[in-house]
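**Student:** Here it is, the structure, as structure tokens.
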Ligand SMILES: [Zn+2]
């Protein structure tokens, strides 16, 4: 298949990229600058694509970066306030939801897919996202899939929607994903904070693999 991967630069979407390449898909990537404080994840996306090409996974990978700055209502945005330091599925993480973001990203990816003659979009939402992020849940993705098929002739899939984070980390290791190149932390610092929900979830998942 010809698949546009929604690539954030994090562990989940990098693993999805590697998995689809290994399954023989032709891939292109779309990343979104939505005004996130951790905008450095966009650099990780570029590095990951260069690495995939360098590993001979695919000769060339188209990469589109779409800017949708101006969203509001989330601490993930550069002007959004303090990131709560708690577990990823803790209710305090509700403030990290970016209202509207995922629908916009999926629509942008579907439009990109249609424009380059690709037939589907892959999104790396995983089972652990469901507690806080309603727009990562299976029913939401199924509804977006219907809309994008009707409007753009492009399907939307989330192969990890029933996969827990530790299993994604296990797959990442098996697929030789360059895990050190991925960026997960919500804070906009040069090093990962180790305390935000995203860091805690990632660190636990990677520890479960190495342990
Ligand atoms: Zn962090």
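None of the figures in this text is laboratory data; all of them are computed from the coordinates on show. As the structure is a prediction and not an experimental result, all values here were calculated from the model. Note: ideal-geometry Cβ built from the backbone for every residue, glycine included; neighbour counts use all protein chains shown.
**Student:** According to a simple spin-label model (label point 7 Å from Cα along Cα-to-Cβ), what is the distance in nm between residue 40 and residue 173?
**Tutor:** 2.5
**Student:** Using alpha-carbon pairs under 8 Å, 6+ residues apart, how would you state the relative contact order of the stretch 101-211 in percent?
**Tutor:** Across the stretch 101-211, relative contact order equals 23 percent.
**Student:** In addition: Going by C-beta contacts inside 10 Å, put 3, 15 in order with the fewest on the left.
**Tutor:** 3, 15
**Student:** Taking Cα atoms of the chain, Rg/Rh with Kirkwood Rh, to two decimals?
**Tutor:** 0.93
**Student:** For the chain, what relative contact order do you get, as a whole percent, if you take Cα pairs closer than 8 Å and at least 6 residues apart?
**Tutor:** Normalised by residue count, the contact order of the chain is 26 percent.
**Student:** Which whole-angstrom value gives the distance between the alpha carbon centres of the stretch 55-72 and the stretch 1-35?
**Tutor:** Using only Cα atoms, the two centres lie 9 Å from each other.
**Student:** For 173, 75, 32, what ranking results if the residue with the fewest other Cβ atoms within 10 Å of its Cβ goes first?
**Tutor:** 173, 75, 32
**Student:** If you don't mind, there's one more thing I want to ask. 222 nm [θ] for the chain, helices only, -39500 (n - 2.57) per DSSP H run of 4+, per residue, to 500?
**Tutor:** Computed ellipticity for the chain at 222 nm equals -12000 deg cm²/dmol.
**Student:** Let me ask something additional. Determine, for 165, 2, the number of other Cβ atoms within 10 Å of each Cβ, and report the residues in order from fewest to most.
**Tutor:** So the ranking, lowest neighbour count to highest, is 2, 165.
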